[in-house]
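Undergrad: If you scroll down you'll find the structure; I have some questions about it.
The values are calculated or read from the model by the stated rules, or taken from the named source; none is laboratory data. Everything numeric in this text was worked out from a predicted model, so none of it was measured. Cβ placement follows ideal geometry from the backbone for every residue including glycine, while neighbour counts extend to all protein chains displayed.
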Amino acid sequence: MVIVDKTEVLSQEERRLQEDRDRKKYWKKWGPYVAERQWSTVREDYSADGDAWSHFTYDMARSRTFRWGEDGIAGVSDSHGRLNIAFSFWNEKDGHIKERLFGLSNPQGVHGESIKEAHFHLDNTPTHSYMKYLYKLPQAAFPYEDLIKENAKRSKKEREYNLIDTGIFDKSKYWDCFIETAKEDDDPEELLFRVTCYNRGSEPAKLHVIPQVWFRNTWAWGYDATKPSITQTGELSAQIKHKELGERFFQCSPSPNSCGKDDDIEPEFLFTENDTNYEGLWNTKNKEKYVKDAFHQRIVHGNKKAVNPQQTGTKSCAWYPFNQGDGVAPGECAVVRFRITKKQTDAYLDEERFDDIMDQRAAEADEFYWKINPMPMSDDLRLIQRQALSGMMWCKQYYHFIWDQWANGDPAMPPPPASRKQIRNVQWKHMYLDDVLSMPDSWEYPFFAAWDSAFHCIPLAMIDPEFAKKQLDLFTREWYMHPNGQLPAYEWNFGDVNPPVHAWATFRTFKIERKMYGREDLDFLERVFQKLLLNFTWWCNRKDFDGKNVFEGGFLGLDNIGLFNRSDPLPTGGTLEQADATGWMAFYALSMLNIALELAKHRRIYEDIASKFFEHFILISDAMSYRHGDKTQSLWNEEDGFYYDAISWGPEWTHQMKVRSLVGLIPMYATLTLEPQVIARFPQFKKRMDWFINNRHEVAGRNIASMKRRGKDDRLLLSLCSEDRLRSILKYMLDPKEFLGDNGIRSLSKFHKDHPVSMDVNGQNYSVSYIPGDSDSGLFGGNSNWRGPIWIAVNFLLVESLLRFYMFYGNTFKVECPTGSGDYMHLGHVAEEIQHRLQHLMAKGDGGRRAIHDGNDMLDFDPNWKDYLWFYEFFDGDSGRGLGASHQTGWTGLMAKMVHDTGMNCRLPQTPRTPASAAAHYFDDVFSRQRRASLGARRPTGLARSMTNNRSIGSRSDWGHSTNTSRRPSTAAGTDPETADGDGDDDNDAKNDATAKTNGNAAVTGQGISRQWSIYKEEPATNGKKNGVEHRGEEISEQDEAINRYVQDQLARLKKQESNELSEEISAQNDGVDEREL
């Protein structure tokens, strides 16, 4: 949103979001809600022993009907998963159609379940008005057996064997299949689909493109036998009928023949039923004549009897064979267009109109994302942010689960084994889920995980705060939250416990929306807060074993970080007292305190609740250091200056486990800065706080941040860490020999590489050592590792904590960063440094390499790979190599927020952190190129150095475009005054005077310019093909000139300053803290 002359100026996508929010049009009814994997999920497991991986396998999925969802490639469905559209392909080499993504099950994988495909989530808007997906299909036979057998040979200490390791992409013998979806201008029910498949090889190749449209099976279970239908009604169309969705049509277009022939390729419609092939799977009689795997039988094996000759069924496809002669020539593309529409017509699709709509939506997506982050930065970082946010959208999924039906079975099906009820989730009988949720990874984790979802909401709130708020609200609703107040963890065990981050995410989402969009949703904040009171009470009653305010018992999330499985009883006996669990609870108390103070501005009764959480925090803080009087040490080790977990066997007998890990850093999360205005505004809260400080000084004054001391601008600090303890922890954290890696903060100190920690218990040895890459054990499934790698989510919270400390200490508190370097920084700069290092995981260095690719030449340099990114689950603590799930734009999507906050002055990877290096890359070079551009000609498109990718993420579909085409909105002006500093939230902003001046100038520039958000001019095509969109707004508007003048003024001003002043301003400009809000 932009404010021009006190009037909102909305992009087209923002208008759609507003219409959806106001319930005028249901723009989110259709979206990418089809899972990428439904097989081998807990919901589809009806086994006696709970072995979900073997009960419903990849090979079974072709023939067996899913009970609770569907899966597919680039799948689109309605918000209740009734009608599904997805894409399949056949290269005439594979034994079955490629209609779903392949991967290894947990027992098959070297490090747990692992996808073995090459696909990318390239673009997606919040209303899904435009979506783009890339699937790379090998032209040779897919190496299914090779992947299974080779991974079976490898040990836990070896790397996974992935698809790109097989050599199948060598010599570029593959298809780039770009799949695009768009909605019409004013009708969210009209869906357009375009598939463009490029032959990247040097020889002709044959391809079959097979879009599928089908209904999720809701009729076979004994509740409602009414079947929907899809029936061919015209040469190129089929009628779709559903009692709730109504009538619509599957309308196809002939495709240009790219096989050297003159005639068009017309699709053949095929029909079958979405019902299980019992005969093929178990040699028993089929319930239906036509079954789910009919298209494989017809297309691959030539069995015409497998499909319904009456041209009707609940599952359909349009079969486009590009196999005439030798097939599609090298460098050429096969294009398929079709639509799902409510408009019945026998006329052919107008291809020109079709492409104009598709490309118009793509251009509006560019416009929307440019407005989210209009500040000047490299194209490469902008690409990273765009794909991160797009991946967040692609990982939305329809999630259906009804415990009663799942546990007891369905009326029309054999009853499940009696033992099944006792295997998992016995205590969650109230669950009735029928929602679109944000998934951690749409293939590897196609189910919600409570604390993942909380992190997702931070980048989601940047582009769609309504969806983010709904996610947070859903988990506290009575059909999710347990009656006792516990939040469900994940479907493998809803009763596991995740770190309590829900309150933090709720308040952050509230404030991001307030700052970026000017809306305060107090109803949302109050509604979720009320439910979280129940959850906080559950934590206190269930995880604080004897009321000592020291929390124990283990929880899911940091998995193998300790010596023992922290969710199981200790082999040593006794109770595990966790520094991180206690730190999390102190963090939870402060988050609740923060929300209570916000609500108290409008309803004074929350002032008393704020006092209650203040007291909770103080007692938890004290317990972390003093448990039984003044002399008994608990979780803080004075000798080492670090927090450790401890085993307690009684009041006077404890043993600390001296593992230096995130366990000892997490207490820093529990930090809150209170503004003097806030304290003065609430006299009852101040009275209670003063009483506690004056009358419980033995608790309020020892080894936590002093509450009598006032910091910068008379602020008050609530923190678990006193100044001395903070310095001690940071000395470890910023030491390259301990936690500080080139690409972020490690989860375990590198010290333990040569100094492992071990304990012998009853003849069994338990040990922890530094393992920077994949896990070397099968603990927690073996597919995650917290003993060395870098995890984005916990790093993000560390950054926020450092910024809150900076708000209190200001420039007076400096630490050596890195430890031993002789360079000292205040905590704002330290926070910025960590964010830069995290961005270096994905950003290109001067040599063009990305750390996540671990030196792979194809991924780094091949023009058809180098600009497509995988957002991994975690990263090697030494090299930055991507590990775990490859599409975890769940919490790795936080990268988008960090780019938003500090991308403008992020230095190149592998360059020293100096003011000159940052300025030279992102100011001198970028801004001088901008200055040299002619204002009388079209808008210059190059804002990045020549070393960075010249293919902007703004480049749309490869159809009719040069791969070097760069597209960008015509101006970065029009910024909301509150977001002009490059920050989209206000949780922890620290703005010095220089920054305030800069932000003020930006605000004036943004408000004083009349702005018409229009489609920018596109680069001319270089390959003779048509450009996909008619150009609008070809003239440079006056705001372009103004923003150019502003950029030049800033450059001149910055160059006049000393380098240390420049560094100070750049950092503070992006530190992301708003003093008015905390």
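Undergrad: Please state which one of V307, V300 is over 30 Å from D123 (Cα atoms), touching an Asp or Glu at 6+ places or on another chain (Cβ under 8 Å) and in the same structural domain as N257 (by TED's automatic domain parsing).
TA: Only one candidate passes the filter, namely V300.
Undergrad: Please work out if R100 is assigned to a loop (DSSP other than H, G, I, E, B), in the same structural domain as V213 (by TED's automatic domain parsing) and modelled with pLDDT of 95 or more.
TA: Yes: the conditions hold for R100.
Undergrad: Cβ contacts < 6 Å: first residue in the same structural domain as T231 (by TED's automatic domain parsing), restricted to the range 344-358; second residue hydrophobic (A, V, I, L, M, F, W, C), any location; separation 6+ or different chain. Result?
TA: From residues that are in the same structural domain as T231 (by TED's automatic domain parsing), the pairs are Q344/F249.
Undergrad: Looking at D356, D366, D404 in this structure, which one is under 26 Å from the mean Cα position of the chain (by Cα), assigned to a helix (DSSP H, G or I), on the phi < 0 side of the Ramachandran plot and charged (D, E, K, R)?
TA: D366 is the lone residue from the list that is under 26 Å from the mean Cα position of the chain (by Cα), assigned to a helix (DSSP H, G or I), on the phi < 0 side of the Ramachandran plot and charged (D, E, K, R).
Undergrad: Moving to a separate point now. Take E288 and decide whether it is of a type outside the set (F, W, Y), surrounded by fewer than 22 Cβ atoms within 10 Å (Cβ to Cβ) and over 28 Å from W221 (Cα atoms).
TA: Taking the combined requirement at face value, the residue does not satisfy it.
Undergrad: From the list Y278, Y198, Y174, pick out the single residue that is among the hydroxyl-bearing types (S, T, Y) and either in contact with a Ser or Thr (Cβ under 7 Å, 6 or more places away or on another chain) or within 21 Å of R62 (Cβ to Cβ) (or both).
TA: Every option except Y278 fails the conditions.
Undergrad: Does F507 meet the test of being touching a residue at least 60 places away in the same chain (Cβ under 8 Å) and out of contact with any Leu (no Cβ under 6 Å at 6 or more places or on another chain)?
TA: So F507 passes the test.
Undergrad: Could I ask something else about it? Can you find, within the range 479-500, the residue that is surrounded by the fewest Cβ atoms within 10 Å (Cβ to Cβ) among those that are out of contact with any Gly (no Cβ under 9 Å at 6 or more places or on another chain) and closer than 24 Å to F613 by Cβ?
TA: Filtering the range 479-500 for residues that are out of contact with any Gly (no Cβ under 9 Å at 6 or more places or on another chain) and closer than 24 Å to F613 by Cβ, the one surrounded by the fewest Cβ atoms within 10 Å (Cβ to Cβ) comes out as P483.
Undergrad: Which of the residues spanning the range 436-491 are of a type in the set (S, T, N, Q) and touching a helix residue (DSSP H, G or I) at 6+ places or on another chain (Cβ under 6 Å)?
TA: Hits for the range 436-491 are S438, S453, Q471, T476, N484, Q486.
Undergrad: Filter the range 144-156 down to the residues that are in a loop (DSSP other than H, G, I, E, B) and either over 28 Å from the mean Cα position of the chain (by Cα) or at pLDDT 95 or above (or both), then identify the one that is surrounded by the fewest Cβ atoms within 10 Å (Cβ to Cβ).
TA: S155
Undergrad: Now for a different question. Is it the case that the range 387-396 has a residue that's under 26 Å from the mean Cα position of the chain (by Cα), modelled with pLDDT of 95 or more and not in a helix (DSSP H, G or I)?
TA: Yes, some residue in the range 387-396 is under 26 Å from the mean Cα position of the chain (by Cα), modelled with pLDDT of 95 or more and not in a helix (DSSP H, G or I).
Undergrad: While we're looking at this one, here's another question. Could you list all residues from the range 574-623 that are surrounded by fewer than 24 Cβ atoms within 10 Å (Cβ to Cβ), over 21 Å from V497 (Cα atoms), among the small types (G, A, S) and modelled with pLDDT under 90?
TA: Of everything in the range 574-623, just one residue is surrounded by fewer than 24 Cβ atoms within 10 Å (Cβ to Cβ), over 21 Å from V497 (Cα atoms), among the small types (G, A, S) and modelled with pLDDT under 90, namely A623.
Undergrad: Same structure again: Given the condition assigned to a loop (DSSP other than H, G, I, E, B), under 20 Å from I512 (Cβ atoms), of a type in the set (A, V, I, L, M, F, W, C) and modelled with pLDDT of 95 or more, answer yes or no: does some residue in the range 455-478 qualify?
TA: Within the range 455-478 (the criterion being assigned to a loop (DSSP other than H, G, I, E, B), under 20 Å from I512 (Cβ atoms), of a type in the set (A, V, I, L, M, F, W, C) and modelled with pLDDT of 95 or more), the answer is yes, since at least one residue qualifies.
Undergrad: Cβ contacts < 8 Å: first residue modelled with pLDDT of 75 or more, restricted to the range 686-708; second residue aromatic (F, W, Y) and part of a helix (DSSP H, G or I), any location; separation 6+ or different chain. Result?
TA: Short answer, once both residue conditions are applied: R688/F614; M689/F614; F692/F614.
Undergrad: Given V663, V659, V678, which one is surrounded by 14 or more Cβ atoms within 10 Å (Cβ to Cβ), in a loop (DSSP other than H, G, I, E, B), touching a residue at least 60 places away in the same chain (Cβ under 8 Å) and not charged (D, E, K, R)?
TA: Only one candidate qualifies: V659.
Undergrad: Further, regarding this structure: If the requirement is being more than 23 Å from Q212 (Cα to Cα), in contact (Cβ under 8 Å) with a residue 12 or more places away in the chain and out of contact with any Leu (no Cβ under 6 Å at 6 or more places or on another chain), which of these qualifies: A52, A35, A61?
TA: Criteria check complete, one pass: A52.
Undergrad: While we're looking at this one, here's another question. Report whether or not A52 is more than 28 Å from Y174 (Cα to Cα) and in the same structural domain as E273 (by TED's automatic domain parsing).
TA: Criteria met by A52.
Undergrad: Just to check your reading of the model, which residue among K173, K156, K149, K206 is in contact with a His (Cβ under 8 Å, 6 or more places away or on another chain) and charged (D, E, K, R)?
TA: Answer to the check: K156.
Undergrad: Something else: Is it the case that Y770 is under 29 Å from G822 (Cβ atoms) and either touching a strand residue (DSSP E or B) at 6+ places or on another chain (Cβ under 9 Å) or not acidic (D, E) (or both)?
TA: yes
Undergrad: In addition: Output the residues belonging to the range 406-463 that are among the polar types (S, T, N, Q), in contact with a Phe, Trp or Tyr (Cβ under 9 Å, 6 or more places away or on another chain) and surrounded by fewer than 23 Cβ atoms within 10 Å (Cβ to Cβ).
TA: N425, Q427 - these are the residues of the range 406-463 that are among the polar types (S, T, N, Q), in contact with a Phe, Trp or Tyr (Cβ under 9 Å, 6 or more places away or on another chain) and surrounded by fewer than 23 Cβ atoms within 10 Å (Cβ to Cβ).
Undergrad: Going through the range 216-237 one residue at a time, which ones are crowded, with 22+ Cβ neighbours inside 10 Å and among the charged types (D, E, K, R)?
TA: Once the filter is applied, which keeps residues that are crowded, with 22+ Cβ neighbours inside 10 Å and among the charged types (D, E, K, R), the range 216-237 yields only R216.
Undergrad: Do we find a residue being modelled with pLDDT of 95 or more, more than 25 Å from P667 (Cα to Cα) and in contact with a Lys or Arg (Cβ under 9 Å, 6 or more places away or on another chain) anywhere in the range 512-519?
TA: yes
Undergrad: May I pose another question? Collect the residues in the range 52-80 that are more than 16 Å from W39 (Cα to Cα) and not β-branched (V, I, T), keeping them in residue-number order.
TA: Scanning the range 52-80 gives A74, S77, D78, S79, H80.
Undergrad: I'm trying to understand the selection: among the residues of the range 375-404, which are surrounded by fewer than 22 Cβ atoms within 10 Å (Cβ to Cβ) and either touching a Ser or Thr at 6+ places or on another chain (Cβ under 6 Å) or closer than 18 Å to G31 by Cβ (or both)?
TA: H400, the sole residue that qualifies.
Undergrad: Quick check on the range 196-215. Is at least one of its residues basic (K, R), more than 30 Å from N856 (Cα to Cα) and buried (at least 17 other Cβ atoms within 10 Å of the Cβ)?
TA: no
Undergrad: Kindly evaluate L748 against the criterion of being touching a helix residue (DSSP H, G or I) at 6+ places or on another chain (Cβ under 7 Å) and buried (at least 16 other Cβ atoms within 10 Å of the Cβ).
TA: No, not satisfied.
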